[in-house]
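The values are calculated or read from the model by the stated rules, or taken from the named source; none is laboratory data. All figures in this text were calculated on a predicted structure; none of them were measured in a lab. No Cβ is skipped: glycine too gets one built from the backbone with ideal geometry, and neighbour counts run over all protein chains shown. Areas reflect the complete protein model, heavy atoms only, side chains present, ligands, DNA and RNA absent. Shrake-Rupley method; radii C 1.70, N 1.55, O 1.52, S 1.80 Å.
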Amino acid sequence: MKIMIIGATGMAGSAITKLALERNHTVVAIGRSEEKLAALPANPNLQTKAKDAFYLTLSELQAVDVVIDAMATSPDKAYRHVDLATKLIAQLREQQRPRLLFILGAGSLTTGDDQHLFVHDIESNPANAAFVAIPQNQLAELTFLRTVTNVDWVGISPAANFTAGPATPAQYGHDTLLTNTTGESVTNSGTMAVAVLNELETPKHHQERFTVANQ
C-alpha cells in the first residue's frame, strides 16, 4: 500500500510512518521542514516531500492509496484543521481513491452519565484556555466530515491524554471517551499507529469515526 502522511514528523505522524515502513508499506511523508523530514528513519520505501499540505495537487493525492491527515497546529491556527479537511474532501469528491484517514481529537467524544461532549469539560477549566481552540476546531472538523457521503473517509480519536509512547494492548470504541480499569484515559502514539495501520490493512470503518485507547 502507498500511504501519504501529512504531518509525518509530528508525534502521531512519525509513529505511523515508522510502523507503516516496518509493515513494508510505501510512505510519502509530507512536512514543512526539510530538516525534520531528514530525521525520519532511512528506508528505501520512504519518500519525503517538504510541502505545505494545502498545496498538494489532485494528481499527488491520487498517486497514493491512502492519505492520512495527522497535521498538528498551534492553537491560534487551529482553524486549519477544518480548512485542510474541507480542502482534501473538495479535491476528492466522487473519486474512487485515495482513502482519507483523519487523526481527530478526543474533545468530540462523549463522556459522563449525560454523555456530554468531552470538549465541554476542557472548556470549563480556565487552565486550558491556551489550547482549547484545538479540540474545538477538531470537533468542527468531525462535524463537517459527517456530512460527507461521497468520499471514503474515516476518523480516529485518541483518549483524553494523547502522548508519545510505545504500542500497548488497546481497547476500541465509537463515540465515547474510553478509560481503563484504573480510570485513566490515555492513548500512546504507538497504540494509535497500530490502530491506524490495522484499519488501513483491514478496513472496518467507512464514513465514521472510531476511538482507541490504551487498556
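Data table
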| read-out | value |
| --- | --- |
| Surface per residue (accessible, 1.4 Å probe) for the chain, Å² | 46 |
| Exposure rule at most 16 other beta-carbon atoms within 10 Å, DSSP loop chymotrypsin sites (Phe, Trp or Tyr not before Pro): the chain longest free segment | 132-215 |
| Over 20 Å (Cα to Cα) - which of K51/K77; K18/K87; K2/K51; K49/K77 fall in this group | K18/K87; K49/K77 |
| Mean ellipticity per residue at 222 nm, deg cm²/dmol - from DSSP H runs of n ≥ 4 across the chain, formula -39500 (n - 2.57) | -9000 deg cm²/dmol |
| Share of carbon and sulfur in the accessible heavy-atom surface of the range 75-215 [1.4 Å probe, %] | 52 |
| Ranked by how many other beta carbons lie within 10 Å on average, peptides 12-19, 174-181 from highest | 12-19, 174-181 |
| Antiparallel DSSP beta bridges within the range 134-212, as percent of all bridges there, nearest 5 | 20 |
| For R209, distant residues with modelled amide H under 5 Å away | G155 |
| Long-range tail of P(r) for the chain (Cα pairs > 33 Å, %) | 10 |
| DSSP-defined antiparallel bridges as percent of all bridges, the chain, nearest 5 | 15 |
